[in-house]
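Taking it in order: structure first as structure tokens, then the write-up.
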């Protein structure tokens, strides 16, 4: 997988993950171009399109479009499955996820994605183990934060 | 200090956190940019503080802003600071920010090396995990080199969580630092069998990605993956493995054969669509790579097509789309299986989704045949009418034209129909493709002579109704058609019914509103028409009227603003005036005027000019005049660049052609033309061929369409042809039946059917309605085949093309930098980035590749289906190896040198023998093994499969291999449908240095009673880094009569009955001086001549075999002293004689 984008129906980018090094300017151009193409497609149309030398697989969940760019020989259906898996993970983590969850906790969404995919390849095919990893990392984060009292926080302790 | 901290913390309480920022942005929709710039100012302040929590918060906000498209590269150093925090919370944010913002040219990355190494070895697995994840996004060549060893260690970490991440990131490391691949590969391979399924699938992922790019280095892993495939139940993993096999099979067709079965099983059993789709795709790929002449696996193809049909019928648009996509892949090699689903594809044209409709159109292109072309196009024409949106309609239009004109109008049987289709297409509103229609009209009218009369009539109507085409401003594009119409009417004006009327139409004042280039053609062709009118009756009323009209109307064009129009018009006006003058003096002028336009133009192939060879002695690079002296330095520079590039571009192209090759090609071309029914230019005698064809002239279509004159181009015309065609075909069929009854004995000449020999019978029956003589496009004598393009040199995966089977050399260890930090401090001059391998670097000794051969032959053994000689294990290990060198006789020293003292010691018998060899390539021929057509058509059902192993013996890459055999009357190489009888078959693989591969070719034999020798050539391109040359290798294929025999077991009672029946002719032979033991002798006969032993009593044995055409061959072999006598019986004496000769030959050699 080359990259994954999440954007809203209004054309606002919500998440972007690039698995190959791309210059900032090219990124912007590609994102703009792709959003235009995908948003223009009618709901009845199929989820695949050929774009430049890549294949684009997208799917719409509520007001969000999940959009992946894969290479010529990659399997479109399994990519759809990846998208769906990611949505399921978000859903489990946030509890019926909505666009606002992703906007306000965008770093969490990234953490989940990073546990699920790495370098564009599936890391773990089991939902359970991904969620477990996330939970434990979060626990660690809370441990980090909890021992601080207010005073400590203010540097008075 | 304390105060500062307090101050920072209090500030922090008033800081915005991420949520505040997001909310703020949402509340300031109107002035977002302004709001954000204040936020960025705040963030800059926050970053200046020492408190890491504040910094992390700021970095988190920056990451969000970065996603919105703001530049945050200025904060790179702060990101590194946050990354190096000891707290996981902040570290996590730091790495996230880095993975989103850093790229190769971010200079602070080099500061992170030590931090990342520290995190990688952290006791907390989540620290390590976060570092690995981040690294996967921003790894640079430097980081990869410095950290490769650390990551490799992590691949054997105790926690699977780390192991799987480490395995995955290795792929990125390999890409950036290819030298790490060989040292790391053994461990990666180990991970394929990791107990944790996550790690295992990660390893599969990485190796599959690697192998997809450079499959040949991973062939040796095939058995392992095969095992994984048959044992794994994880669909994600299965898909990857199957994809990997798809990449491997083109290199190793034997692998394909092995794969077909498990894949079809999966297709049958799986319920996951993604897996099904992957399997189908791979089966298709496998079959394509096998299709070079294997008797096709029609069952597998049928299965694939069936499954795809289910996908296409599904209501899910995605499955429909993919089904069509995969279908088009099958179409290329197995068009017939797809054609039967025409109904379904046509249905898809009605789909709401445009992308599905376009896919279906693509498919239709390959599905047409002579039989269904009209029907399909009719359907498409309906869609053209219905289609909304010009883009799709234009797409339909181009597709219709593509479909009809493909492979030189191969599928068009009635060109009148095609012309009317084109005329109908001109009714399309707002199309941009007028020029396309025009060029088709021109092409057909020029190249199909028989159609000219009809075409001219249609074009005249078009010209007459030009106002319909030009009336609307929207229809600008379509008026291009008039260009063609005017030219056709002018050039072939002798066919015009009423030239005066057309002339009038071409000189209407309205014409002046057309684009200039069309007007120019109008004017020029008006002159041609005028000449025709003049000729038809000099001095008649018509010609005077024409003259007057020209003189009256042309001045309008003389005033044209377009130079071309103006010039032509004034020229022609003067000409007409002059003619008038001459005529007034009663001079006969018509002949001379017509001579102005005499002669016929032939179509020239578009590439013809490029292919004209440079004549001998002409050096295009030589100076015509000596260059001026070097005084003007400014002028010099561009010239230097120019002359430097020039030779690079042109020289290698011409050196490829040597004289011999040219002569040969010329010869081949002549032969081709002679046998090409479409080519009429070569000699007048070839035209006779057409006259001999079945009486096409009597077909009444031409007369009928006179009764259906086209008056208005707005009427759909083509439908009538569909009907007519149907009737005509029926009549044809009836005629043929009658004829065949009457003249059963009379042998008909081949006629024009030869080109489509391989087509189905029903195709064959359809004779074209017209004499179709498509004039081929002119080409220079020695046109060169164009070279195909090369791999992209910038492909990052190219660097990973590394042989993994070679053992590791000492200098290939990954750089380790252990505990050198202190030293670095002491001696700051030392280059920090240099990998620490100095000590080894001095003694670079490449280890000899010892283990490779065994591994490669393991693979061969795994793949080989050929029987290994039974006593081979006892001979040298080479003998167990069916790879050709062993028995070819070309292998120099590997043969055991001891004298034959034991019984087991025997020269190994191999299926392979040397066919031909030169310094580049070696061809090995497997004893032809036979496939008998089950249908048992004894006359032409017999096929012989020849397996040839190609081995690359040189250091260069061999590609574009083409295998060709000069067919004899009796035996023919089976070529794919649609190719001519002399076309070469391309070998479906390329050969890197030292690699060998097997291809199979099928031959059809008529009679098998005589041995056959076929001459053949193999042409190929030898490609080095800097040059490529064309080479060829000649060989002779020897089909012995023994090769037509199949080992068939026979019981003694059946054998006895056979002998008693008395149908068999007898023959015998005596062999003298045979010293080998009797059982060896029998084994030899069995092996080389495909006999089986029926019964053996002491020194006497009966043997049996059967030919592929069902001849029985019985032998009685007796031995006494050193004499062997063979009595033989067979129902075909010639065959028997030849087989006995061959047996004799076998024993005279030893």
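The values are calculated or read from the model by the stated rules, or taken from the named source; none is laboratory data. Please read all numbers here as calculations on a predicted model, not as lab measurements. As a convention, Cβ positions derive from the backbone with ideal geometry for all residues, glycine included, and neighbour counts pool all protein chains shown.
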Checklist entry - Across the stretch B:1001-1018, what is the number of residues that are surrounded by fewer than 18 Cβ atoms within 10 Å (Cβ to Cβ) and either within 22 Å of the chain's Cα centre (by Cα) or under 30 Å from residue B:366 (Cβ atoms) (or both)? => result 1
Item to check | Test result for residue A:55, in a helix (DSSP H, G or I) and either touching a strand residue (DSSP E or B) at 6+ places or on another chain (Cβ under 8 Å) or more than 9 Å from chain B (Cβ to nearest Cβ) (or both) | outcome: no
Checklist entry - So, of the residues in the stretch A:85-102 that are more than 19 Å from residue A:129 (Cα to Cα) and surrounded by fewer than 17 Cβ atoms within 10 Å (Cβ to Cβ), which turns out to be farthest from the chain's Cα centre (by Cα)? => result A:96
Checklist entry - Has the stretch A:20-43 got any residue that is within 9 Å of another protein chain (Cβ to nearest Cβ) and either touching a helix residue (DSSP H, G or I) at 6+ places or on another chain (Cβ under 7 Å) or at positive phi (or both)? => result no
Next on the checklist: If I ask for residues that are in contact with a strand residue (DSSP E or B) (Cβ under 7 Å, 6 or more places away or on another chain) and assigned to a loop (DSSP other than H, G, I, E, B), which ones from the stretch B:1071-1092 would you list?
Outcome noted: B:1072, B:1074, B:1090, B:1091
Item to check | Residue in the stretch B:199-208 that is assigned to a helix (DSSP H, G or I) and surrounded by fewer than 19 Cβ atoms within 10 Å (Cβ to Cβ) present | outcome: no
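Do the conditions hold for residue A:65, that is, is it surrounded by 15 or more Cβ atoms within 10 Å (Cβ to Cβ) and within 11 Å of chain B (Cβ to nearest Cβ)? Don't jump to the end; show me each part of the working.
Values: surrounded by 15 or more Cβ atoms within 10 Å (Cβ to Cβ): yes; within 11 Å of chain B (Cβ to nearest Cβ): no.
Spelling it out, it is not the case that residue A:65 is surrounded by 15 or more Cβ atoms within 10 Å (Cβ to Cβ) and within 11 Å of chain B (Cβ to nearest Cβ).
Just checking, which of B:1078, B:1035 is in contact (Cβ under 8 Å) with a residue 12 or more places away in the chain and under 28 Å from residue B:952 (Cβ atoms)? Steps first, please.
Numbers: B:1078 fails: under 28 Å from residue B:952 (Cβ atoms).
From the options B:1078, B:1035, the qualifying one is B:1035.
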Next on the checklist: Quick check on this structure: which one of A:83, A:78 is closer than 24 Å to residue B:282 by Cβ, away from chain B (no Cβ under 11 Å) and assigned to a helix (DSSP H, G or I)?
Outcome noted: A:83
Next on the checklist: Can you tell me which condition residue B:217 does not meet? The list is (1) within 11 Å of chain A (Cβ to nearest Cβ); (2) surrounded by fewer than 22 Cβ atoms within 10 Å (Cβ to Cβ), and all the others hold.
Outcome noted: (1)
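If you take just the helices (runs of 4 or more DSSP H) that sit entirely in the stretch B:354-418, which of them hold at least 1 residues that are touching a helix residue (DSSP H, G or I) at 6+ places or on another chain (Cβ under 8 Å) and within 14 Å of chain A (Cβ to nearest Cβ)?
On the way: elements: B:354-367, B:373-386, B:390-409.
Filter on the stretch B:354-418 gives B:354-367, B:390-409.
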Next on the checklist: Being within 26 Å of residue B:308 (Cα to Cα) and in contact (Cβ under 8 Å) with a residue 24 or more places away in the chain narrows it down to one residue among B:251, B:255, B:224, B:219; which is it?
Outcome noted: B:255
Checklist entry - Quick check: anything in the stretch B:150-157 surrounded by fewer than 20 Cβ atoms within 10 Å (Cβ to Cβ), away from chain A (no Cβ under 14 Å), in a helix (DSSP H, G or I) and touching a residue at least 40 places away in the same chain (Cβ under 8 Å)? => result yes
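Would a scan of the stretch B:170-179 turn up a residue that is more than 14 Å from every other protein chain (Cβ to nearest Cβ) and buried (at least 22 other Cβ atoms within 10 Å of the Cβ)?
Pass one, the stretch B:170-179, residues more than 14 Å from every other protein chain (Cβ to nearest Cβ): B:177-179.
Now drop any that are not buried (at least 22 other Cβ atoms within 10 Å of the Cβ), which leaves B:177.
Among the residues of the stretch B:170-179, at least one is more than 14 Å from every other protein chain (Cβ to nearest Cβ) and buried (at least 22 other Cβ atoms within 10 Å of the Cβ), which makes the answer yes.
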Next on the checklist: I'd like the full set of residues that are away from chain A (no Cβ under 12 Å), over 26 Å from residue B:199 (Cβ atoms) and crowded, with 22+ Cβ neighbours inside 10 Å, limited to the stretch B:90-136.
Outcome noted: B:112
Checklist outcome for this item: All conditions in (1) more than 7 Å from every other protein chain (Cβ to nearest Cβ); (2) touching a strand residue (DSSP E or B) at 6+ places or on another chain (Cβ under 6 Å); (3) under 29 Å from residue B:351 (Cα atoms) are true of residue A:9 except (2)
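For every residue, the table says whether it meets (1) closer than 19 Å to residue B:82 by Cα; (2) at pLDDT 80 or above; (3) more than 8 Å from chain A (Cβ to nearest Cβ); (4) touching a strand residue (DSSP E or B) at 6+ places or on another chain (Cβ under 8 Å).
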residue	(1), (2), (3), (4)
B:6	no, no, no, no
B:19	no, yes, no, no
B:26	no, yes, yes, no
B:30	no, yes, yes, no
B:35	no, yes, yes, no
B:47	yes, yes, yes, no
B:53	yes, yes, yes, no
Checklist entry - Of the conditions (1) more than 20 Å from residue A:2 (Cβ to Cβ); (2) under 32 Å from the mean Cα position of the chain (by Cα), residue B:210 fails just one. Which one is it? => result (1)
Next on the checklist: If residue B:338 satisfies all but one of (1) modelled with pLDDT of 85 or more; (2) more than 14 Å from chain A (Cβ to nearest Cβ), what's the number of the condition it fails?
Outcome noted: (1)
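Being assigned to a helix (DSSP H, G or I) and out of contact with any helix residue (DSSP H, G or I) (no Cβ under 6 Å at 6 or more places or on another chain) is the filter; apply it to the stretch B:65-79 and report the residue that is farthest from the other protein chains (Cβ to nearest Cβ).
B:77
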Checklist entry - Is there a residue being within 10 Å of chain B (Cβ to nearest Cβ) and in contact (Cβ under 8 Å) with a residue 40 or more places away in the chain anywhere in the stretch A:87-102? => result no
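Condition (residue is on the phi > 0 side of the Ramachandran plot and within 14 Å of another protein chain (Cβ to nearest Cβ)) applied to the stretch B:302-315: is it met by at least one residue?
Looking only at the stretch B:302-315, we keep the residues that are on the phi > 0 side of the Ramachandran plot, and these are none.
Looking for residues that are on the phi > 0 side of the Ramachandran plot and within 14 Å of another protein chain (Cβ to nearest Cβ), one finds none in the stretch B:302-315, hence no.
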Item to check | Failed item, numbered, when residue B:198 is tested on (1) away from every other protein chain (no Cβ under 14 Å); (2) modelled with pLDDT under 90 | outcome: (1)
Checklist outcome for this item: Over the stretch A:117-134, the set of residues in contact (Cβ under 8 Å) with a residue 60 or more places away in the chain and under 16 Å from residue B:237 (Cβ atoms) is A:117, A:121
Item to check | Condition met for residue B:530 (in a helix (DSSP H, G or I) and closer than 19 Å to residue B:494 by Cβ) | outcome: yes
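Restricted to the stretch B:180-195, and to residues that are part of a helix (DSSP H, G or I) and under 17 Å from residue B:233 (Cα atoms), which residue is farthest from the other protein chains (Cβ to nearest Cβ)? It would help to see each step written out before you state the result.
First, pick out the residues of the stretch B:180-195 that are part of a helix (DSSP H, G or I): B:180-193.
Checking which are under 17 Å from residue B:233 (Cα atoms) leaves us with B:192-193.
Values: B:192: 15, B:193: 17 Å.
Per the stated criteria, the residue is B:193.
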Checklist entry - Which ones in the stretch A:116-130 are surrounded by 21 or more Cβ atoms within 10 Å (Cβ to Cβ) and not in a loop (DSSP other than H, G, I, E, B)? => result A:116, A:117, A:118, A:121, A:122, A:130
